[in-house]
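Below you'll find the structure, written out as structure tokens, and then a few comments.
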């Protein structure tokens with residue numbers, strides 16, 4: 001569901017044969033595939049859009065449409081909440097938008113930053129990997145679920161502690177408030193420097209797009225192909241390097257992830273670095 005073409009070299013043709021890639025955000029295309037292929041077992045996507053909202057979806061309407069469509073057709077709906085889980089809200093994007101998938105994949109925060117991940121979902125699905133103290137079930141029918149870090153006590157302890165902190169402390173509120181201030185400041189700088197572009201994003205996940213768009217700065221309405229073009233531009237590369245040279249390292253090429261430990265001081269520092277970096281990008285004639 002990340003896009004409309006194959007963007008992962010190295011995947012064997014036999015594996016591609018088990019998948020159908022559907023244009024992101026196109027509910028009618030999903031419906032056509034389900035109707036034309038009775039073997040479709042599941043749909044998996046990042047609920048805020050590919051790369052945790054870098055290529056955003058029209059939420060929540062698209063997610064609600066997917067949930068209704070999959071429920072009617074008996075297709076399992078899977079949310080990849082590896083990044084959005086516990087960040088889009090304490091309960092992830094599914095709680096933020098009130099859309100419950102059948103399965104959810106999680107990592108990163110769920111393991112307290114240590115190696116590990118988790119899969120959550122409906123009991124009738126998760127029970128397929130459970131031991132039942134029944135030799136016939138356990139040996140002949142149970143779905144095998146191996147993993148190098150399964151039950152790792154250090155990762156489990158770190159994850160449990162992280163989730164307790166999220167549940168009991170205003171971590172998301174702090175991160176979201178700092179992200180809102182950062183987004184507002186970044187957009188103000190782009191406008192003041194008369195640089196075509198904007199910063200969009202939800203919660204504490206922000207993305208820079210160096211191209212004009214009249215979106216609400218939450219969900220960018222540009223086409224995904226246009227956003228991808230801007231991300232690959234020399235100006236974005238120069239922006240990232242300019243930020244690094246000024247003590248700010250961002251995620252990937254154009255993403256800011258704000259945490260609950262960031263304060264006004266870090267936001268001010270970042271905004272100062274961004275202004276200097278973008279002034280240099282413009283002075284070099286890259287935009």
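The values are calculated or read from the model by the stated rules, or taken from the named source; none is laboratory data. Only a predicted model underlies this, so the values are computations on that prediction, with no experimental measurement involved. Backbone-built Cβ (ideal geometry, glycine too); neighbour counts: all protein chains shown.
If you go through region 242-264 and keep only what is without any contact (Cβ under 8 Å) to a residue 12 or more places away in the chain and surrounded by 13 or more Cβ atoms within 10 Å (Cβ to Cβ), you end up with 244, 250, 251. I'd like the residue in region 95-112 that is under 16 Å from the mean Cα position of the chain (by Cα) and in a loop (DSSP other than H, G, I, E, B) and, out of all such residues, is surrounded by the most Cβ atoms within 10 Å (Cβ to Cβ). Here the residue is 101. Could you list, in sequence order, all residues of region 156-181 that are closer than 19 Å to residue 84 by Cα and touching a helix residue (DSSP H, G or I) at 6+ places or on another chain (Cβ under 8 Å)? Correct list: 158, 159, 162, 163, 165, 166, 171, 172, 178. If the requirement is being over 16 Å from the mean Cα position of the chain (by Cα), in contact (Cβ under 8 Å) with a residue 60 or more places away in the chain, at negative phi and not assigned by TED's automatic domain parsing to the domain that holds residue 219, which of these qualifies: 88, 42, 50? Answer to the selection: 42.
Looking at region 70-80, is at least one residue part of a helix (DSSP H, G or I) and surrounded by 18 or more Cβ atoms within 10 Å (Cβ to Cβ)? Yes, the conditions are met somewhere in region 70-80. The residue that is surrounded by the most Cβ atoms within 10 Å (Cβ to Cβ), among those in region 217-239 that are in contact with a helix residue (DSSP H, G or I) (Cβ under 7 Å, 6 or more places away or on another chain) and in a helix (DSSP H, G or I), is 239.
With respect to the stated conditions, residue 133 fails to be farther than 30 Å from residue 37 by Cβ, out of contact with any helix residue (DSSP H, G or I) (no Cβ under 8 Å at 6 or more places or on another chain) and not in a loop (DSSP other than H, G, I, E, B). One residue stands out among those in region 38-56 that are at pLDDT 95 or above and not in a strand (DSSP E or B): the one that is nearest to residue 255 (Cα to Cα), which is 48. For residue 219, the conditions (1) closer than 28 Å to residue 110 by Cα; (2) modelled with pLDDT of 95 or more; (3) touching a strand residue (DSSP E or B) at 6+ places or on another chain (Cβ under 8 Å) all hold with the exception of (2).
All conditions but one from (1) surrounded by 14 or more Cβ atoms within 10 Å (Cβ to Cβ); (2) touching a residue at least 40 places away in the same chain (Cβ under 8 Å) apply to residue 277; the one that does not is (2).
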